[in-house]
Amino acid sequence: MTALEAFPDMVTNGQRRATKIVATIGNVSSDPDCLRRLINAGVNVFRLNFSHGTQEEQGARIDAIRQIETETGIPTCILADMQGPKYRVGEVADGVEVKAGDQITFDQNEAIGSATRVGLPHPEIFAAMYPGARFLMDDGKLVLVVKSLSNDSFVAEVVVGGPLKSRKGVNIPDIVLDTKPLTEKDMSDLEFALSKNVDWVALSFVQRASDMVEARTLVGKRAALMAKIEKPAALKELAAIIEASDGIMVARGDLGVELPPEDVPAWQKKIIAKCRLVGKPVVVATQMLESMITAPAPTRAEASDVAGAVFDGTDAVMLSAETAAGAYPIESVEIMARIVRAAEAHIREDDASKYAQLPVEPTVYHAVARASVALADAVDADVMVAFSTSGNTAIRIARERPDTPFIVMTPHMEVQRRLALLWGTTTAHSAFSHDFENAIAEAGDLVRKKGMASKGGHIVVVAGMPFGIAGTTNSMRVVRI
């Protein structure tokens with residue numbers, strides 16, 4: 001047995017895969033048998049979209065995932081994705097269409113709308129609106145520009161027309177709204193998710209770093225906190241938002257509505273690069289294999305999109321409707337895993353494609369992470385074993401994108417689960433060893449028990465002294481098996 005075969009979450013069909021897969025769970029994928037098949041196909045993280053489904057339904061999914069985790073012994077990460085503030089127009093009469101040059105008055109009247117007047121029940125939008133602001137409807141299918149304002153309404157001119165439908169979403173890319181990061185629904189969903197011990201919480205439509213700081217006061221240390229980057233305003237505070245978060249999601253759906261489509265790929269690369277620089281996990285999401293909602297195979301462009309995210313250095317790629325509501329949820333995961341493996345194989349084989357080495361902060365912890373990866377390469381180690389109570393050691397090692405597989409041993413199940421999102425990381429339970437010598441013995445026992453290294457082969461053990469105290473990683477040793 002190889003180091004990879006010993007830990008199923010590191011491999012798909014016997015081949016290494018470092019980039020993680022996030023799958024959204026919905027009506028077509030909630031039963032335990034389907035969840036097991038998704039895990040076997042390569043899912044590392046299950047996303048629960050609280051925009052859809054009741055708390056009772058989401059709770060049943062969490063319970064099923066945890067039961068499977070108990071059966072398999074493989075730590076499984078659960079990401080609870082909050083809906084966030086959603087803005088929609090009111091009811092509109094059937095069959096209404098508008099064309100370029102038409103003018104529409106928006107007000108807060110609940111009367112059924114027409115081609116010339118539409119209700120918009122969001123006073124915060126009226127308070128922030130100004131002439132010249134863009135006003136997008138129905139995922140950007142309708143484009144308008146605000147022409148004039150009054151006390152309780154505004155007039156916008158249609159630039160790109162089409163059907164005007166009831167309850168369609170609204171995007172205002174040029175305005176930062178004075179809103180709370182969590183709605184009343186989000187607050188209820190958040191407390192429910194935390195009571196069920198989810199591992200990550202994602203906030204939607206983050207506009208500023210203070211949104212994450214405020215959310216942190218509610219979440220505390222009960223879960224890791226992820227900011228979804230889907231507003232142009234967030235790009236202006238990107239560095240501060242990354243600093244205030246535990247992880248980032250490149251949510252290309254709404255981001256692609258509010259930004260010109262040609263700008264999204266460059267921003268994806270920038271966000272991934274900034275996250276990797278500071279060691280924050282990043283997920284690329286939305287429409288990665290969109291055609292597989294109804295088709296058994298992706299388009300070639302979709303395959304290139306997934307591979308491109310891997311080449312950029314993302315920690316994880318995500319499936320949304322493909323696994324939540326599509327006809328081919330298992331096949332979507334299997335194909336995504338194949339694309340990821342092929343992209344990673346190319347990176348390993350082509351020196352020009354390898355991940356760039358990043359500057360190291362002048363701290364012992366970062367220096368040990370960099371040196372341990374170099375040491376593993378120099379001695380051709382079969383595997384690296386890092387001990388961590390908080391998971392920070394894993395983050396520092398993953399930041400280096402090592403060629404050598406690495407295992408993180410921790411006594412905390414919640415740390416194992418959270419690290420399932422992190423590039424290249426697999427975990428194993430560790431006893432509370434009291435010193436480095438005990439840690440080395442425990443690492444050796446794990447390697448021998450799992451058959452993770454060949455006889456006479458090397459492993460590199462990374463730990464800290466005093467042992468078992470977060471933030472003390474300062475030691476490494478080569479051990480011959």
Could you tell me which numbered condition Ala371 fails, if it satisfies all but one of (1) aliphatic (A, V, I, L, M); (2) crowded, with 19+ Cβ neighbours inside 10 Å; (3) touching a residue at least 60 places away in the same chain (Cβ under 8 Å)?
-> (2)
Do you know which residues across the stretch 96-111 are touching a residue at least 40 places away in the same chain (Cβ under 8 Å) and either over 39 Å from the mean Cα position of the chain (by Cα) or on the phi > 0 side of the Ramachandran plot (or both)?
-> Gly101, Asp102, Gln103
Among the candidates Thr363, Thr323, Thr314, residue that is within 25 Å of Ile395 (Cα to Cα) and crowded, with 22+ Cβ neighbours inside 10 Å = Thr314
How many residues, within the stretch 198-218, are surrounded by 19 or more Cβ atoms within 10 Å (Cβ to Cβ) and not in a loop (DSSP other than H, G, I, E, B)?
-> 8
Which condition number does Ser153 fail, the rest of (1) assigned by TED's automatic domain parsing to the domain that holds Asp107; (2) surrounded by 17 or more Cβ atoms within 10 Å (Cβ to Cβ); (3) in contact with a Ser or Thr (Cβ under 9 Å, 6 or more places away or on another chain) being met?
-> (2)
Just checking, which of Met336, Met384 is assigned by TED's automatic domain parsing to the domain that holds Ser304 and not basic (Lys, Arg)?
-> Met336
Selection count where residues are under 12 Å from Ile330 (Cα atoms) and surrounded by fewer than 19 Cβ atoms within 10 Å (Cβ to Cβ), scope the stretch 31-66 | 5
From the list Val213, Val201, pick out the single residue that is more than 20 Å from Arg66 (Cβ to Cβ) and either within 17 Å of the chain's Cα centre (by Cα) or in the same structural domain as Ile62 (by TED's automatic domain parsing) (or both).
-> Val213
Counting just the residues of the stretch 58-93 that are part of a loop (DSSP other than H, G, I, E, B) and of a type in the set (S, T, N, Q), which one comes out farthest from Arg167 (Cα to Cα)?
-> Thr76
Considering residues that are farther than 18 Å from Pro260 by Cβ and exposed (fewer than 15 other Cβ atoms within 10 Å of the Cβ), the number found within the stretch 129-150 is 6
What number of residues in the stretch 97-151 are under 30 Å from Gln287 (Cα atoms) and of a type in the set (Phe, Trp, Tyr)?
-> 1
Of Lys228, Lys221, Lys196, the only residue that is out of contact with any Leu (no Cβ under 7 Å at 6 or more places or on another chain) and within 24 Å of Thr24 (Cβ to Cβ) is Lys196
Given the residues Ala251, Ala285, which is the only one that is touching a residue at least 60 places away in the same chain (Cβ under 8 Å) and touching a strand residue (DSSP E or B) at 6+ places or on another chain (Cβ under 9 Å)?
-> Ala285
Taking the condition more than 22 Å from the chain's Cα centre (by Cα), modelled with pLDDT under 85 and not polar (S, T, N, Q), does Asp380 pass?
-> no
Filter result (free of Cβ contacts under 8 Å to residues at least 24 places away in the same chain and closer than 18 Å to Ala316 by Cβ) within the stretch 407-428 | Val408
Here the residues within the stretch 134-155 that are among the β-branched types (Val, Ile, Thr) and part of a loop (DSSP other than H, G, I, E, B) are none
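The values are calculated or read from the model by the stated rules, or taken from the named source; none is laboratory data. What you see is a predicted model, and the numbers here were worked out from it, not measured in a lab. When we count neighbours, we look across all protein chains shown, and the Cβ atoms used for this are built from the backbone with ideal geometry, even at glycine.
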